[in-house]
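What follows is one structure encoded as structure tokens, with my remarks underneath.
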Amino acid sequence: MSAQLIDGIALSQKLRAEIAARAAALTAQGKQPGLAVILVGEDPASQVYVRNKVKACGDVGIRSVMEKYDADLTEQALLDRIAALNNDPTIHGILVQMPLPKHINPHKVIEAIATSKDVDGYSVLSAGEMMTGLDGFRACTPYGCMKLIESTGTDLRGKHAVVIGRSNTVGKPMALLLLQANATVTICHSATPDLGVFTRQADVVVAAVGRRNTLTADMVKPGAIVIDVGMNRDDNGKLCGDVDFNGIKEVASHITPVPGGVGPMTITMLLMNTIESAERK
Ligand SMILES: Nc1nc(=O)c2c([nH]1)NC[C@@H]1CN(c3ccc(C(=O)N[C@@H](CCC(=O)O)C(=O)O)cc3)C=[N+]21
């Protein structure tokens with residue numbers, strides 16, 4: 001293995017220690033940060049993620065309020081609940097776990113969350129503020145990816161960053177943050193005919209597709225940084241990312257593992273945004 005591992009657990013631990021200190025300072029002023037986590041339905045993966053988020057809050061001294069609802073909760077009932085949390089001064093962040101049951105419109109739900117408490121950074125206003133360079137909350141996964149890249153000591157100015165994937169939660173905000181860091185940014189997606197043509201020019205590749213082995217060693221420039229946002233299962237049911245880790249680690253300069261890379265950082269940046277929200281009050 002020639003590439004250096006970018007350890008998302010170690011970086012998370014470092015950042016979470018800083019977050020814990022900030023949480024303690026707020027708590028001492030009688031302003032303990034609070035995060036509401038709402039889960040609708042029984043999706044097993046969502047249950048695991050939500051449990052991890054609640055545990056992470058406890059570890060850093062953020063009060064978390066976990067609300068679980070049956071899958072048949074009405075959209076109006078959820079909107080009413082969000083309105084109440086918007087007005088609750090002890091709650092600084094509101095996270096509604098996605099995906100929601102099909103009868104609930106996720107856009108309507110996201111837009112119901114007060115922008116000042118949108119710690120996921122999913123709303124139209126948060127996205128617009130990020131695009132404009134204002135201080136709305138950054139989407140947690142791309143924000144975490146930026147921290148992972150930063151941890152390698154690389155200055156992105158003038159570097160070519162290729163983002164694979166164009167989702168509203170990862171690909172698009174990722175491209176914007178890379179652009180703000182003065183990278184030259186290319187966005188590739190399912191309609192890109194020859195992905196390798198682009199990725200072979202990249203100093204940084206961020207893969208956020210949701211399909212394993214999307215990026216292989218022959219598609220990576222020697223010395224590139226590879227960030228793997230994917231969460232897939234291999235033939236043995238083991239968690240794996242979008243990139244061929246074993247092949248690429250011989251070519252890249254730095255690479256994130258799955259698990260233990262982007263995933264923990266997503267949760268860390270959620271905690272960071274929640275602290276930031278509480279400090280702004
Ligand atoms: N409103 C909302 N906000 C989200 O941020 C959100 C969401 N909905 N819906 C689902 C996705 C997914 N997501 C993950 C976060 C952490 C890990 C994570 O910690 N993964 C571990 C592995 C966990 C395991 O072993 O299964 C890792 O990569 O090391 C994974 C996935 C947040 N999401």
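The values are calculated or read from the model by the stated rules, or taken from the named source; none is laboratory data. Because the structure is predicted, anything quoted here is derived from the model rather than measured. FYI the Cβ positions are ideal-geometry reconstructions off the backbone, even for glycines, and counts take in every protein chain you see. These accessible areas exclude ligands, DNA and RNA; they are computed on the full protein's heavy atoms, side chains included. Shrake-Rupley method; radii C 1.70, N 1.55, O 1.52, S 1.80 Å.
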Problem set entry | Mean ellipticity per residue at 222 nm, deg cm²/dmol - from DSSP H runs of n ≥ 4 across the chain, formula -39500 (n - 2.57) | -12500 deg cm²/dmol
Problem set entry | Span per principal axis, largest first, for the Cα atoms of segment 119-186 (Å) | 29, 21, 18
For this session: First compute the accessible area of the chain with a 1.4 Å probe, then give the percent of it belonging to carbon and sulfur atoms.
Result: 53 percent
For this session: Over all alpha-carbon pairs of the chain, lay out the pair-distance distribution in 10 Å bins, whole %, shortest bin first.
Result: 7, 28, 34, 23, 7, 0
Problem set entry | segment 57-182 - charge dipole about Cα centre, Lys and Arg +1 at Cβ, Asp and Glu -1, debye rounded to 20 | 440 debye
Exercise. Accessible area per residue, 1.4 Å probe, Å², for segment 30-115: what's the number?
Worked result: 48 Å²
Exercise. Stretch ALA21-GLU111 to full length: gain in nm at 0.36 nm per residue minus the Cα-Cα span?
Worked result: 29.3 nm
Problem set entry | Residue-normalised accessible area of segment 140-263, expressed per residue, 1.4 Å probe, Å² | 43 Å²
Seminar exercise, completed: Scoring only Lys, Arg, Asp and Glu (+1, +1, -1, -1) among other residues with Cβ under 10 Å from the Cβ of ASN182 yields +1
Problem set entry | Sum of side-chain charges, MET269 neighbourhood, beta-carbon under 9 Å (Lys, Arg +1; Asp, Glu -1) | +2
Problem set entry | Residue-count net charge about ILE94 - beta-carbon cut-off 11 Å; Lys, Arg +1, Asp, Glu -1 | -2
For this session: Might you work out the accessible area of THR192 for me, using a 1.4 Å probe with all protein chains in place, and round it to the nearest 10 Å²?
Result: 30 Å²
Exercise. Considering only DSSP beta bridges with both partners in the chain, what is the antiparallel share in %, to the nearest 5?
Worked result: 5 percent
Exercise. Based on the Cβ-Cβ distance from ASP235 to GLN29, what FRET efficiency comes out when R0 is 45 Å, to the nearest 0.05?
Worked result: 0.30
Exercise. Helix 262-280: angle to the longest alpha-carbon principal axis of the chain, degrees 0 to 90, nearest 10?
Worked result: 40 degrees
Problem set entry | Pairs beyond 31 Å (Cα-Cα), from LYS53/LYS238; LYS117/LYS172; LYS55/LYS117; LYS117/LYS159; LYS68/LYS108; LYS14/LYS108 | LYS117/LYS159; LYS14/LYS108
Problem set entry | Rounded to the nearest 10 Å², the accessible area of CYS140 at probe 1.4 Å | 10 Å²
Exercise. Of the residues GLY58, GLY165, GLY263, which exhibits the maximal mean-square fluctuation in a Gaussian network model of the chain defined by a 10 Å Cα contact cut-off?
Worked result: GLY58
Seminar exercise, completed: Here the Kirkwood hydrodynamic radius of segment 50-91, Cα-based and in Å, equals 11.9 Å
Problem set entry | Förster-model FRET efficiency, 30 Å R0, ASN246 and LEU179, C-beta, rounded to 0.05 | 0.45
Problem set entry | Long-range HN-HN contacts of SER64 with modeled amide H, under 5 Å | LEU35
Problem set entry | the chain: most fluctuating residue of ALA24, ALA191, ALA207 per GNM, C-alpha cutoff 10 Å | ALA191
Seminar exercise, completed: Nearest 10, in degrees from 0 to 90: the angle of helix 171-180 to the longest Cα principal axis of the chain is 80 degrees
Exercise. Mind checking the angle between helix 75-86 and the chain's longest principal axis? C-alpha axes, 0 to 90 degrees, to the nearest 10.
Worked result: 80 degrees
Problem set entry | GluC sites (Glu not before Pro) within segment 59-119: DSSP coil, no more than 11 neighbouring Cβ in 10 Å | none
For this session: Find, to one decimal place in angstroms, the Kirkwood hydrodynamic radius of segment 1-115, where the mean of 1/r is taken over every pair of different Cα atoms and then inverted.
Result: 15.8 Å
